[in-house]
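The values are calculated or read from the model by the stated rules, or taken from the named source; none is laboratory data. These numbers were taken from a predicted model, which means no experiment stands behind them. For neighbour counting, all protein chains shown are included, and Cβ atoms are generated from backbone atoms with ideal geometry for every residue, glycine included.
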Amino acid sequence: MQLIMNTMERPESTIVSTIQTELLHWYARYQRDLPWRKDQDPYKVWVSEIMLQQTRVNTVIPYFNRFIERFPTIIDLANASDDDVVKMWEGLGYYSRVRNLHSAVKEVADKYGGKVPDQIEEISRLKGIGPYTAGAILSIAYQRKVPAVDGNVMRVYSRIFALYDDIAIPATRKKMEAIGDVLIPEHAPGDFNQALMELGATICTPTSPQCLFCPVSSVCEANEQELQDELPQKKKAKAPTPVSVRFAWIESGHSVFLVKRPDKGLLAGMWSLPTFDQEDPSAELDQYLLTRRWTVQSREVEAKIDHVFSHRHWFIEIERIKLDQVPIECGENEEWLDINSIYQKAFPNVYRKAISVMKKQ
């Protein structure tokens with residue numbers, strides 16, 4: 001086999017033809033029945049691709065169905081409140097995804113009359129849409145010959161062409177996109193891109209790939225040389241930084257005190273329990289209560305949990321603080337809420353976990 005090396009030699013035409021033909025035939029026969037494949041509505045493709053970022057397909061399916069039922073069109077989503085949109089996303093995590101989606105949808109409604117742009121220059125300017133998402137929407141919904149290179153696709157290409165490039169660096173993604181420019185057929189770009197993703201998700205998996213069932217095993221260099229366990233190459237990410245955190249479960253009667261996190265940073269704009277994560281979280285909480293001038297009846301650390309983000313590992317102590325009575329006034333982005341109605345708000349998973357623990361105490 002002629003390999004695509006660092007010089008980006010073009011693969012032989014017979015190899016290109018085999019990959020196109022066999023992969024499309026396999027996809028037509030074995031593709032999974034997924035709700036966003038029912039039609040090529042660019043809005044639904046867009047929503048599904050944003051949901052699928054860093055989230056498994058089986059997890060996404062019920063969220064996608066509920067989200068589309070609640071916001072069946074771009075205009076419906078554009079006109080929805082931020083709290084309503086975030087609540088429908090609750091549990092999926094990585095909430096910047098849905099905030100960027102909501103912002104971009106509003107722009108599409110205002111600037112493009114609700115029609116998702118079908119040109120790479122325009123769609124790439126929308127908030128939250130990078131090269132992969134742009135390629136997925138344009139190829140699937142509009143049949144544009146645009147590469148859509150995600151982790152699955154990079155793994156497939158790395159193995160087919162025995163590429164040892166580190167898939168964690170941007171230059172490798174560019175190289176993979178160049179490969180896509182050569183391989184994607186003019187007549188079925190959307191199906192081909194989806195077939196690559198499907199192959200990576202179901203056959204050419206990170207561990208124990210099922211090469212016996214792979215439609216392109218006959219032209220796969222990794223299969224021929226038994227390199228499957230070596231490829232793709234990826235530099236190990238740094239372990240998340242450990243952080244000591246204190247959550248304050250502040251209650252009076254049946255009410256619990258909630259706050260909205262800042263508009264920027266981790267879990268931006270989400271409802272939460274008061275959170276303290278500086279050098280001395282306990283002292284920080286002490287100062288917070290002193291500033292509020294609340295009459296504290298009792299306080300005690302009642303639970304410990306931990307939660308891993310991509311770059312941080314929170315080790316959390318949850319302190320129950322009982323006040324004599326509910327203060328009359330709340331500041332901006334603060335609210336006292338009856339404990340039985342607390343889930344009216346949308347919470348990130350770490351706070352849902354904390355609330356669940358404290359409600360059981």
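So which of GLN228, GLN233 ends up being modelled with pLDDT under 95 and touching a strand residue (DSSP E or B) at 6+ places or on another chain (Cβ under 6 Å)? Let's see the steps before the verdict.
Values: GLN228 fails: touching a strand residue (DSSP E or B) at 6+ places or on another chain (Cβ under 6 Å).
Residue meeting the stated conditions: GLN233.
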Taking VAL301 as meeting all but one of (1) exposed (fewer than 14 other Cβ atoms within 10 Å of the Cβ); (2) within 20 Å of GLY91 (Cβ to Cβ); (3) among the hydrophobic types (A, V, I, L, M, F, W, C), write down the number of the exception. (2)
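Tell me the residue from LEU290, LEU266 that is assigned by TED's automatic domain parsing to the domain that holds ALA248, within 19 Å of ALA354 (Cβ to Cβ) and not aromatic (Phe, Trp, Tyr), please. Walk me through it before giving the result.
Numbers: LEU290 fails: within 19 Å of ALA354 (Cβ to Cβ).
Of LEU290, LEU266, the one residue that is assigned by TED's automatic domain parsing to the domain that holds ALA248, within 19 Å of ALA354 (Cβ to Cβ) and not aromatic (Phe, Trp, Tyr) is LEU266.
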Check off (1) surrounded by fewer than 16 Cβ atoms within 10 Å (Cβ to Cβ); (2) part of a helix (DSSP H, G or I) for GLU177 and give me the number that stays unchecked. (1)
Quickly run through the stretch 38-77 and pick out the residues that are free of Cβ contacts under 8 Å to residues at least 60 places away in the same chain and of a type in the set (D, E, K, R). LYS38, ASP39, LYS44, ARG56, ARG66, GLU69, ARG70, ASP76
Would a scan of the stretch 104-115 turn up a residue that is in contact (Cβ under 8 Å) with a residue 24 or more places away in the chain and in contact with a Gly (Cβ under 7 Å, 6 or more places away or on another chain)? yes
Right, TYR343: without any contact (Cβ under 8 Å) to a residue 24 or more places away in the chain, among the aromatic types (Phe, Trp, Tyr) and within 22 Å of MET88 (Cα to Cα) or not? yes
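Going by the structure shown, is PRO185 at pLDDT below 95, of a type outside the set (A, V, I, L, M) and more than 17 Å from the chain's Cα centre (by Cα)? Working first, answer last.
Values: at pLDDT below 95: no; of a type outside the set (A, V, I, L, M): yes; more than 17 Å from the chain's Cα centre (by Cα): yes.
The answer is no for PRO185.
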Is it fair to say LEU323 is in contact (Cβ under 8 Å) with a residue 40 or more places away in the chain, surrounded by fewer than 17 Cβ atoms within 10 Å (Cβ to Cβ) and not acidic (Asp, Glu)? no
Quick check: is even one residue across the stretch 135-145 free of Cβ contacts under 8 Å to residues at least 40 places away in the same chain, of a type in the set (S, T, N, Q) and in a helix (DSSP H, G or I)? no
Tell me, yes or no, whether the stretch 239-256 has at least one residue that is at pLDDT below 95, under 20 Å from ARG352 (Cβ atoms) and of a type in the set (S, T, N, Q). yes
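Here is a yes/no grid of residues against (1) closer than 22 Å to GLY135 by Cβ; (2) crowded, with 18+ Cβ neighbours inside 10 Å; (3) at pLDDT below 95; (4) not assigned by TED's automatic domain parsing to the domain that holds ARG99:
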| position | (1), (2), (3), (4) |
| --- | --- |
| VAL47 | yes, yes, no, no |
| MET51 | yes, yes, no, no |
| THR55 | yes, no, yes, no |
| PHE64 | yes, yes, no, no |
| ARG70 | no, no, no, no |
| ASN79 | no, no, no, no |
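Looking for whichever is more than 22 Å from ASP306 (Cβ to Cβ) and surrounded by fewer than 21 Cβ atoms within 10 Å (Cβ to Cβ) here; the options are GLY269, GLY265. Which one fits? I'd like the intermediate steps shown before the answer.
Numbers: GLY265 fails: more than 22 Å from ASP306 (Cβ to Cβ).
One residue alone meets the criteria, GLY269.
Kindly indicate the residue of the stretch 215-239 that is of a type in the set (Asp, Glu) and part of a helix (DSSP H, G or I) and also farthest from PRO185 (Cα to Cα) among those meeting that condition.
Within the stretch 215-239, the subset of a type in the set (Asp, Glu) is 221, 224, 226, 229-230.
Okay, now just the ones that are also part of a helix (DSSP H, G or I), so 221, 224.
Working: GLU221: 21, GLU224: 25 Å.
Per the stated criteria, the residue is GLU224.
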Can you tell me how many residues within the stretch 333-359 are of a type in the set (Asp, Glu) and within 18 Å of ARG293 (Cβ to Cβ)? 1
For MET154, which of the numbered conditions (1) outside any helix (DSSP H, G or I); (2) in contact with a helix residue (DSSP H, G or I) (Cβ under 8 Å, 6 or more places away or on another chain); (3) of a type in the set (A, V, I, L, M, F, W, C) fails to hold? (1)
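Can you pull out the residues in the stretch 247-293 that are of a type in the set (S, T, N, Q) and closer than 15 Å to VAL86 by Cα? Explain how you work it out, then say what you get.
Of the residues in the stretch 247-293, the ones of a type in the set (S, T, N, Q) are 252, 255, 272, 275, 278, 282, 287, 291.
Within the stretch 247-293, SER272 is the sole residue that qualifies.
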Show the residue pairs meeting these rules: Cβ distance below 7 Å; 6+ apart or different chains; first residue within the stretch 283-303 and of a type in the set (D, E, K, R); second residue exposed (fewer than 15 other Cβ atoms within 10 Å of the Cβ). GLU284/GLN278; GLU302/GLN361
Give all pairs with beta carbons closer than 9 Å in which a residue from the stretch 200-214 that is in the same structural domain as ARG56 (by TED's automatic domain parsing) and outside any loop (DSSP other than H, G, I, E, B) meets a residue that is surrounded by 11 or more Cβ atoms within 10 Å (Cβ to Cβ) and aliphatic (A, V, I, L, M); count only pairs at least 6 apart in sequence or on separate chains. GLY200/VAL153; GLY200/MET154; GLY200/VAL156; ALA201/VAL57; CYS211/ILE203; CYS211/ALA222; PHE213/ILE203
Among the candidates VAL156, VAL216, VAL245, VAL149, single out the residue that is more than 25 Å from the chain's Cα centre (by Cα), of a type outside the set (Phe, Trp, Tyr) and crowded, with 19+ Cβ neighbours inside 10 Å. VAL216
